[in-house]
Amino acid sequence: MKSCISDNKNKFKYTNFIQNVFDFVEELQLTRDDLWHRFAHQFDHDADFDAGWRGEYWGKMMRGACFVYSYTHNPKLYESLSRTIDDIITCQDDLGRVSSYDISHEFDGWDIWGRKYVLLGMEYFLEICTDDKQKERIISSMCRQLDYIICKIGDAKEGKLPITSATRHWRGLNSSSILEPVVKLYNITGNKAYFDFAGYIADIGGTDVENIFNLAYEDKLYPYQYPVTKAYEMISCFEGLMELYKVTKEEKYLTSITNFADKILERDFTVIGTSGCTHELFDCSTFRQANTTNGDTMQETCVTVTLMKFLYNLTCLTSNPKYADAFEISFYNAYLGSLNTERVIEPSIKEKYPDLIIEPLPFDSYSPLTRGTRGNGVGGFRIMKDNHYYGCCACIGSLGVGLVPKMHLLADDDGFFMNMYIDGEVVSYTKNNTPVTFITETEYPKKADIKIRILTEREVSFDLSLRIPYWSKNTILKVNGKSIEVIKGYTKISRIWKSGDVIELILDLRCKAIYPVEYQDMILMNKVVWGKNYMVSTYDTQDINAKRHIALQYGPIMLSQDSRLGFDMSMPAGVKVNDDGYVDINVLEQSKAPYTNILQAEVPLINGDYMLTTDYSSAGKLWNKDSEISVWMLNS
């Protein structure tokens, strides 16, 4: 796969619940000029006097907003983004800095991290910007920002501050993640100084303890065994290395990137599609996810969304469908589960901060796996001087749904790769600029049947590769009623397409029982020594109750208990599992659940009864004990 289709040219229109997600984030967050103004003006005073991260809010939200706009083309959203771009440029000081840190405090804490997000926000806006003069102002601003950083940060032998010393946190991992926008700005300007600075950052390798890019290349350790295990920041660094690889074509970089990704999917990818059962740290969560001793702050939304973006870029880079498979799991479970669709106030806010201006945030920060509740704290919580508050996960969340159209349909010179099956319409173009419309009719992921109609102005030859998910063991595929052999991964159909051609795809949506991975003990790097800037190892033993749990996967969706569904989650369910490992669930057409859901299913029990479940992403949205949930269900 050589390139992705440009979202500025393609047109997507969804007609199911995914459209509702776009509407939700635009209304509750992205078209709110008060939020944009508040976040931009964290840069006209020493907002992060406490070494905080208020400086990340603007760029995080801008990046997600640009992705969302690529789908919605909402003129109200574009106007908001254009205004806030001009607004933030006015916050640039005489030295060229756009920083939430006073110059006397700069290059500490999360300063470089915040500046990274300012650059990224501007760079992604350039992709949708229609005003050439505004583009010039943005590029000029970015160059001034990066020129100032380069004159201060670099090789100590040149009298500069090393990138890994420009923070007090995570041994430099957060500051080193500026690699991504540095490479992007080099691509925009061709300024060799930016390329050289990117090379310097890559050579340092992320931390002052060890070069994590080399660790990934050597492929001996898992990310949870690295000396620093902060998942979100580490993935961000590898995103930067990916951008550098696209420029240099250095094979060592590509090997490091894919080794790192594969190690995550092997040892730090849970059933809901994200990482980390210890706060936001890699911690072998694939093995540890069914432990009842993990705590409430786990499976962070920042990690989920960053991982989704990484998986999307990996799919474009490698054409390997396993990354699209993982993306789909993340989206339908951890990501959609984080949406605050009930507009609940996080329970601790009113109690701890009664004088704040309190309003619901659009996203939750943490997701439970064993029996628990959503709404266990606002990740990245910070109070601003106007008495409002916000959080990191709330800012990054819109990016997740904005990635869906990008992942949906990719292209190379030979044709298209369809990765997502969503009810709606996609208009795209062949390499010869011939328009092709793909109309998908489906209730997937609730139902297995997918019909794709092709509309073209004339007969046109191209390849269409359909992703066959790893869990679909028995798949049926037809074109105009004629059966096509199904190939694992991508099934490629090469033909001359005529308007009205119909593809029928039936996926194997049998419900699969999943059991915890058995382990005895392991050494983890998941104890943070706050204030000392290092981590120490801990000795982890598997919770004796872990093996008593079961998880149920229906296609890309995980089923979940919810205390509102009538089953006592403190009691073992006793799920009736067939000898082949599948469970004969009954997917319901008529609603029995007292809340909106994607799918609800009755699960057969060995005592002859049934247990009502819904998709994990819809469960637990009251964020309190009235809606406890569990994806790892007590079973024995």
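The values are calculated or read from the model by the stated rules, or taken from the named source; none is laboratory data. Just so we're clear, the structure is a prediction, and the values are computed from it rather than from any experiment. Positions of Cβ are generated from backbone atoms using ideal geometry, with glycine treated the same way; all protein chains shown enter the neighbour counts. Ligands, DNA and RNA are excluded from the accessible area calculation, which covers all protein heavy atoms including side chains. Shrake-Rupley method; radii C 1.70, N 1.55, O 1.52, S 1.80 Å.
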Set I138, I150, I188, I128: member being open to solvent by 60 Å² or more (accessible area, probe 1.4 Å) and either in a loop (DSSP other than H, G, I, E, B) or aliphatic (A, V, I, L, M) (or both): I188
Boolean, M298 is buried (at least 23 other Cβ atoms within 10 Å of the Cβ), of a type outside the set (S, T, Y) and assigned to a helix (DSSP H, G or I): no
Any pair with Cβ under 8 angstrom, 6 or more apart, that starts in segment 617-634 at a residue that is under 21 Å from L361 (Cβ atoms) and ends at one that is open to solvent by 10 Å² or more (accessible area, probe 1.4 Å) and among the acidic types (D, E): G620/E628; K621/E342; L622/E342; W623/E342; W623/E346
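Table: residues versus (1) free of Cβ contacts under 8 Å to residues at least 24 places away in the same chain; (2) of a type in the set (G, A, S); (3) open to solvent by 10 Å² or more (accessible area, probe 1.4 Å).
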residue	(1), (2), (3)
T15	no, no, yes
W53	no, no, yes
K60	no, no, no
L81	no, no, no
I85	no, no, no
I89	no, no, yes
Q92	no, no, yes
S104	yes, yes, yes
I112	no, no, no
Counted residues, segment 512-533 - those being among the aliphatic types (A, V, I, L, M), under 25 Å from the mean Cα position of the chain (by Cα) and either more than 23 Å from Y444 (Cβ to Cβ) or crowded, with 21+ Cβ neighbours inside 10 Å (or both): 4
Filtered residues of segment 438-447 (kept if more than 11 Å from G555 (Cβ to Cβ) and either open to solvent by less than 10 Å² (accessible area, probe 1.4 Å) or charged (D, E, K, R) (or both)): F438, T440, E441, E443
Residue pairs meeting the criteria (Cβ under 7 Å; at least 6 apart or on separate chains; first without any contact (Cβ under 8 Å) to a residue 40 or more places away in the chain, in segment 557-583; second part of a strand (DSSP E or B)): K576/V583; K576/P604; K576/L605
Those residues of segment 210-250 which are part of a loop (DSSP other than H, G, I, E, B) and in contact (Cβ under 8 Å) with a residue 60 or more places away in the chain, in sequence order: Y222, Y226, P227, V228, T229
Residue match in segment 389-408 (condition: in a loop (DSSP other than H, G, I, E, B), among the hydroxyl-bearing types (S, T, Y) and crowded, with 20+ Cβ neighbours inside 10 Å): no
Condition met for R548 (touching a Ser or Thr at 6+ places or on another chain (Cβ under 7 Å) and under 30 Å from T442 (Cα atoms)): no
Qualifying positions in segment 469-479 - within 23 Å of A411 (Cα to Cα) and either open to solvent by 10 Å² or more (accessible area, probe 1.4 Å) or free of Cβ contacts under 8 Å to residues at least 40 places away in the same chain (or both): Y470, L477, K478, V479
Criterion (closer than 19 Å to L119 by Cα, open to solvent by 40 Å² or more (accessible area, probe 1.4 Å) and of a type in the set (D, E, K, R)) met by exactly one of D208, D262, D196, D219: D196
Any hit, segment 273-283, residues being among the polar types (S, T, N, Q), surrounded by 24 or more Cβ atoms within 10 Å (Cβ to Cβ) and part of a helix (DSSP H, G or I): no
Pairs where the first residue, in segment 482-497, is free of Cβ contacts under 8 Å to residues at least 60 places away in the same chain and the second is surrounded by fewer than 16 Cβ atoms within 10 Å (Cβ to Cβ), C-beta under 7 Å, 6+ apart: I484/K478; I496/E459; I496/S461
Unique residue being open to solvent by less than 10 Å² (accessible area, probe 1.4 Å), over 19 Å from N16 (Cβ atoms) and of a type outside the set (S, T, N, Q) when the list is I450, I454, I422: I454
Given (1) at negative phi; (2) open to solvent by 50 Å² or more (accessible area, probe 1.4 Å), index of the condition V577 fails: (2)
Cβ-Cβ under 8 Å pairs, at least 6 apart or on other chains, segment 339-367 side farther than 14 Å from E27 by Cβ, far side open to solvent by 80 Å² or more (accessible area, probe 1.4 Å) and not aromatic (F, W, Y): I358/K350; Y366/D296
Complete set of residues in segment 587-607 that are in contact with a Lys or Arg (Cβ under 9 Å, 6 or more places away or on another chain), without any contact (Cβ under 8 Å) to a residue 24 or more places away in the chain and not acidic (D, E): Q600
Which listed residue is touching a Cys at 6+ places or on another chain (Cβ under 9 Å) and not β-branched (V, I, T), from S319, S338: S338
Residue that is most open to solvent (accessible area, probe 1.4 Å), among those in segment 534-548 that are of a type in the set (S, T, N, Q) and not in a strand (DSSP E or B): N545
Test: residue in segment 346-361 that is open to solvent by less than 10 Å² (accessible area, probe 1.4 Å) and more than 30 Å from K473 (Cβ to Cβ): yes
The one condition in (1) within 30 Å of D111 (Cα to Cα); (2) aliphatic (A, V, I, L, M); (3) at pLDDT below 95 that L77 fails to fulfil: (3)
Options D626, D579, D540; residue that is farther than 30 Å from V401 by Cα and out of contact with any strand residue (DSSP E or B) (no Cβ under 6 Å at 6 or more places or on another chain): D579
The lone exception for D132 - which of (1) within 17 Å of S82 (Cβ to Cβ); (2) at pLDDT below 95 it fails: (2)
Scope segment 242-268; condition within 18 Å of the chain's Cα centre (by Cα) and within 23 Å of G172 (Cβ to Cβ); matching residues: M242, E243, I257, F260, A261, K263, I264, D268
